[in-house]
Amino acid sequence: MSVISDQIRMKIHTAAYREAYLLGQKALELNSCDRDEIKSAMCDLTAQLRSSCMDLASRKKDAGPDYQLLEDLLRETNKLTGQDMYGPFI
């Protein structure tokens, strides 16, 4: 595991999703040698964001600003991981 991917996962664990995204985005821009591990950590981020969005939607709380921030971040992160709103392309 790489140090950056560990940092990303720690940010996810503490619900600092935007910070996790920014760490991963910067690392991928720098063409890190740990690219696969970083992308894997970013997929963990998309999974968590997707779960959080679904949780809010199931509780009928998908119309407010908190939900919109999570969904926007999920869309941005999906661009880095090559996923869509439902997960990896199959």
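Structure data summary
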read-out: Projected label distance in nm at A47 and Q25, using a 7 Å step from Cα toward the beta-carbon; value: 2.3 nm
read-out: M54 versus A15: modelled label distance in nm, points set 7 Å from Cα along the beta carbon direction; value: 1.9 nm
read-out: Cα-projected label distance for D6 with D84, points at 7 Å along beta-carbon direction, nm; value: 3.7 nm
read-out: MRE, 222 nm, helices only [DSSP H, n ≥ 4, -39500 (n - 2.57), over the chain, to nearest 500]; value: -24000 deg cm²/dmol
read-out: In segment 45-90, the trypsin sites (Lys or Arg not before Pro) that fall in loop regions by DSSP, at most 12 other Cβ within 10 Å; value: R59, K60, K61
read-out: Sparsely packed chymotrypsin sites (Phe, Trp or Tyr not before Pro) within segment 38-90, loop by DSSP, other Cβ within 10 Å at most 15; value: Y86, F89
read-out: Separation between Cα centres of segment 1-26 and segment 67-90, rounded to whole Å; value: 16 Å
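Laboratory data are not the source of any read-out in this text; all were calculated from the coordinates shown. For clarity, every value in this text was computed on a predicted model and none was experimentally measured. With ideal geometry, Cβ positions are generated from the backbone for all residues, glycine too; neighbour counts draw on all protein chains shown.
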